[in-house]
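Colleague: Supplied in structure tokens, the structure appears directly below.
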Amino acid sequence: MGLQHTSVPRWPTADPGVDRTGRAYAVMSFGPDAAPLAAGWGRELHALGRTVWSWHGEAATDEAVAELRRQVEYATVGWRLMLAGPQCDVLRAHAEALRGGVLEAEITVLVTDAVRTRVWCAHCGATTLADAALGEVTGCSGCGRSLYVYHHVSRRTATHLGFMADAEELQ
Amino acid sequence: MTLKLVVRRSTEIAEGIREIVMTRPDDGPLPAHPPGSHVVVDCGPQRNAYSLTNCGIDPGAYTVAVLRRPTADGGSGGSEQMHRFQPGDRVALSPPRSAFPPVSTARRHLLIAGGIGITPLLSHARNAVRWGADVRLLYVHRPGAGAYADELSELLGERAQRVTEKSEFSVLLRQALVSQPMGTHLYVCGPAALMDRVLQEAAAAGWPPQRLHLERFTPAELDPGQPFTASLGRSRRQVSVPAGTSLLEALENAGVEVPNMCRQGVCGECRVPVLAGRPLHRDEFLSEDERVAGDSVMCCVSRSETETLEVDL
Ligand code: FES
């Protein structure tokens, strides 16, 4: 897998503005901070005469992701995805879109909160939702190990890699 | 490296179009290549790039199709020479170069061909059918000049649309551009006006440049451009490049050797790394991403947007 799939994304935390080059749009937003931003995008796109499908929820749940998958499946080229919300949620939606064949160039992202993270445990494979920045330590919800949040993001599974904080000492 | 091949067959396959089949003198295997590759053929005074119609796996022969383009002065075109080749004639050509391959992650390949531009797309179509990939073809040509029409309809059946009316093409193009599933990549080859139009309409329909791939089989008309200075990073020399002189020519005049082949921005041979400054890309070789990266330049045709372009020479 290429570097582009594993680097930590650097997405804007200020409104990047609407990408006007598309023909039809899906706007997805997560959490209260993202709602007014997404609503603004929706208004602007409607005013431009574009077709817009909007979705808002508290988080990128399994249902939200399944809904997005359906949208991508029925989308034709010319479609754009605009995402707003906490990093862990937009990352998950972003990953789903890429899996469906959407290109980075067709996705606009606005991150409202870069702290909440989904951490994938390298030891038991569980995914933990944590308020932990890169380099911090958080407990694994699966095996209870203390995980160091490593600066490696899987864009495919939308998780940060976490491994046992004191692994080195144990060797 | 030059391949020395023998013409085995030359057949008129449509009005003004000859198909030329070349093999090694001993009929041995030739270098394999990705679909959509081209070779640069020595045709008398000129070297021309021609697409290979083979899909590229294990080729025993290279096949090109050449449209005769009579020129006003009676033959700078090189295609005249290609049409004169007889079985048994020797021909010198470059190994295949890939500048127009299918995107492996594409969910569908939409092929759009104008006239003789069908040749690289025939290679794509054969490859797609071989691997069971989702493919569609839209092919427009003059009446009577539909090279490979039968073969394509046999290969693709309903998935191929072939028209000779411009108005009909317009309608089909517009329909095609708004109905492709997400993940489709578009490949176009044909006359410059057709390609410009397809790219323009695709952009208007929301296609990002990353999904659009083109192969120009005639070099774009290039304007003389603005003068600039090439700064040679290694030898610490400054070479000025006047309008109307290519960077490659200016380097050659200054005694700097750069490998080159087609001198028209298609073969990829003359690529030079850029250390500073912004290249003005005018070639057909670099991909969209490589253009954006701006860290190399095809010096036979491309110039500089900045007053100085620092190159790693
Ligand atoms: S010499 Fe062929 S691209 Fe420049």
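The values are calculated or read from the model by the stated rules, or taken from the named source; none is laboratory data. None of these values were measured; they are calculated from a predicted model. Every residue, glycine as well, gets a Cβ built from its backbone with ideal geometry; the counts of neighbours run over all protein chains shown. The area values use the complete protein model at the heavy-atom level, side chains included, leaving out ligands, DNA and RNA. Shrake-Rupley method; radii C 1.70, N 1.55, O 1.52, S 1.80 Å.
Colleague: Rounded to the nearest percent, how much of the accessible area of segment A:24-113 (1.4 Å probe, protein heavy atoms only) is carbon and sulfur?
Modeller: 52
Colleague: Using r as the Cβ-Cβ distance of B:Met1 and B:Arg142, and R0 as 25 Å, what FRET efficiency do you calculate, to the nearest 0.05?
Modeller: 0.10
Colleague: If you don't mind, there's one more thing I want to ask. Ranked from the most accessible area to the least, with a 1.4 Å probe and all protein chains present, what is the order of B:Lys166, B:Lys4?
Modeller: Ranked from most to least accessible, the order is B:Lys166, B:Lys4.
Colleague: List, largest first, the extents of the alpha carbons of the protein assembly as shown along their principal axes, each in whole Å.
Modeller: Cα extents, longest axis first: 77, 59, 50 Å.
Colleague: Solvent-accessible area per residue for segment A:24-113 at a 1.4 Å probe radius, Å²? Numbers along the way, then the final one.
Modeller: Values: 3380 Å² over 90 residues.
With all protein chains present, segment A:24-113 gives 38 Å² per residue.
Colleague: Using a basic spin-label model with each label point 7 Å from the Cα along Cα→Cβ, how many nm lie between B:Gln210 and A:His46?
Modeller: Calculated label separation equals 3.0 nm.
Colleague: Additional query: State the extension gain, in nm to one decimal, for the chain segment bounded by B:Asp27 and B:Asp312, taking 0.36 nm per residue of separation less the distance between their alpha-carbons.
Modeller: Between B:Asp27 and B:Asp312, full extension yields an extra 98.5 nm.
Colleague: Here's a follow-up. Taking H as built 1.01 Å from N, whose amide H comes closer than 5 Å to the amide H of A:Thr108, not counting residues under 5 places away?
Modeller: A:Leu81, A:Met82, A:Leu83
Colleague: I've got another one for you. Taking the full set of protein chains and a 1.4 angstrom probe, give the accessible area of A:Leu37 in square angstrom, rounded to the nearest 10.
Modeller: That residue has around 50 Å² of solvent-accessible surface.
Colleague: Percent relative contact order of chain B, based on C-alpha pairs within less than 8 angstrom and at least six residues apart?
Modeller: 15
Colleague: Something else now. Which value, in Å², gives the accessible area per residue of chain B when a 1.4 Å probe is used on the protein heavy atoms?
Modeller: I get 45 Å² per residue for chain B.
Colleague: OK, next. Whose amide H sits under 5 Å from the amide H of B:Glu305, counting only residues 5 or more places off or on another chain, with H placed in the peptide plane?
Modeller: Amide H neighbours of B:Glu305, under 5 Å, 5+ apart: B:Arg278, B:Leu280.
Colleague: Quick one: which of B:84-90, B:152-158 comes out on top by average Cβ neighbours within 10 Å, and what's the full order, highest first? It would help to have the intermediate numbers written out before the result.
Modeller: Values: B:84-90: 12.1, B:152-158: 14.7.
Packing proxy ranking, top to bottom: B:152-158, B:84-90.
Colleague: Can you give the angle from 0 to 90° between the axis of helix B:118-131 and the longest principal axis of chain B, with both taken from C-alpha atoms, to the nearest 10?
Modeller: With rounding to tens, the tilt is 70 degrees.
Colleague: If you average the alpha carbon positions of segment B:158-187 and of segment A:24-46, how far apart do those two centres end up, in angstrom?
Modeller: 33
Colleague: Right, something else. Could you work out, residue by residue across B:131-143, how many beta carbons of other chains sit within 10 Å of that residue's beta carbon, and then give the average as an integer?
Modeller: The shielding value for this peptide is 0.
Colleague: Are there residues in segment A:57-99 whose accessible area shrinks by at least 30 Å² when all protein chains are included rather than the chain by itself, and which are they (probe 1.4 Å, ligands and nucleic acids not counted)?
Modeller: Relative to the lone chain, where solvent access is computed with a 1.4 Å probe, segment A:57-99 loses at least 30 Å² at A:Thr76, A:Val77.
Colleague: What is the distance in Å between the Cα centroid of segment B:268-307 and that of segment B:11-42?
Modeller: 29
Colleague: Roughly what would the spin-label model give for B:Asp58 and A:Ala35, points 7 Å off Cα along C-beta, in nm?
Modeller: Using points 7 Å along Cα→Cβ, the separation is 6.3 nm.
Colleague: For A:Cys143, B:Cys55, what's the largest-to-smallest order of accessible area, 1.4 Å probe?
Modeller: Listed by decreasing accessible area, they come as A:Cys143, B:Cys55.
Colleague: Can you report the principal axis dimensions of chain A using only the alpha carbons, biggest first, rounded to whole angstrom?
Modeller: 61, 30, 26
Colleague: Would you jot down the residues in segment B:174-193 that end up with at least 50 Å² less accessible area in the complete protein assembly than in the chain alone, with a 1.4 Å probe?
Modeller: Flagged in segment B:174-193: B:Met182.
Colleague: Then there's this: At R0 = 30 Å, how high is the FRET efficiency between B:Arg9 and B:Ala192 if r is their beta carbon distance? Nearest 0.05 is fine. Present the calculation step by step, with values, prior to reporting the outcome.
Modeller: On the way: r = 30 Å, r/R0 = 1.01.
For B:Arg9 and B:Ala192, the calculated efficiency is 0.50.
Colleague: Using a ≥ b ≥ c from the Cα gyration tensor of segment B:246-313 (square roots of the eigenvalues), is it rounded, prolate or oblate, where a/c under 1.5 gives rounded and otherwise the larger of a/b and b/c decides, a/b for prolate?
Modeller: Note, shape of segment B:246-313 comes out oblate.
Colleague: Where a ≥ b ≥ c are the square roots of the eigenvalues of the C-alpha gyration tensor, would you call segment B:211-291 rounded, which needs a/c under 1.5, or, failing that, prolate if a/b is larger than b/c, or oblate?
Modeller: prolate
Colleague: When the accessible area of segment A:117-164 is split by element with a 1.4 Å probe, what percent falls to carbon and sulfur?
Modeller: The computed percentage sits at 49.
Colleague: Under the definition of partner shielding as Cβ atoms of other protein chains within 10 Å of a residue Cβ, what is the mean value for peptide A:100-106?
Modeller: 5
Colleague: Chains B and A: what accessible area do they bury, summed, in square angstrom to the nearest 100, with a 1.4 Å probe?
Modeller: For chain B against chain A, roughly 1200 Å² becomes buried.
Colleague: For a test of the definition: using alpha carbon positions, the gyration tensor, and the 1.5 limit on a/c, classify segment A:117-164 as rounded, prolate or oblate. Kindly include the intermediate steps, with their values, before the conclusion.
Modeller: Numbers: a/c = 1.58, a/b = 1.18, b/c = 1.34.
Oblate shape, in that a/c is at least 1.5 and b/c is the bigger or equal ratio.
Colleague: Specify which residue in the list B:Val140, A:Ala133, A:Ser154 is farthest towards the positive end of the charge dipole of the protein assembly as shown, using unit charges on the beta carbon of Lys, Arg (+1) and Asp, Glu (-1), about the Cα centre.
Modeller: Checking the options against the dipole of the protein assembly as shown, the answer is B:Val140.
Colleague: Could I get the Rg over Rh figure for segment A:24-113? Both from C-alpha atoms, Rh via Kirkwood, rounded to two places.
Modeller: 0.92
Colleague: What FRET efficiency, computed as 1/(1 + (r/R0)^6) with R0 = 35 Å and r the Cβ-Cβ distance, is obtained for A:Arg69 and A:Tyr150, rounded to the nearest 0.05?
Modeller: 0.80
Colleague: Could I ask something else about it? Could you give the C-alpha radius of gyration of chain B expressed as a fraction of 2.2 N^0.38 Å, taking N as the number of residues it contains?
Modeller: My calculation over the Cα atoms of chain B gives 1.03.
Colleague: Among B:Pro191, B:Ser179, B:Leu248, flag the residue with its Cα farthest along the positive direction of the charge dipole of segment B:121-271, charges on Cβ as +1 for Lys/Arg and -1 for Asp/Glu.
Modeller: Projecting each Cα onto the dipole axis, the largest value belongs to B:Leu248.
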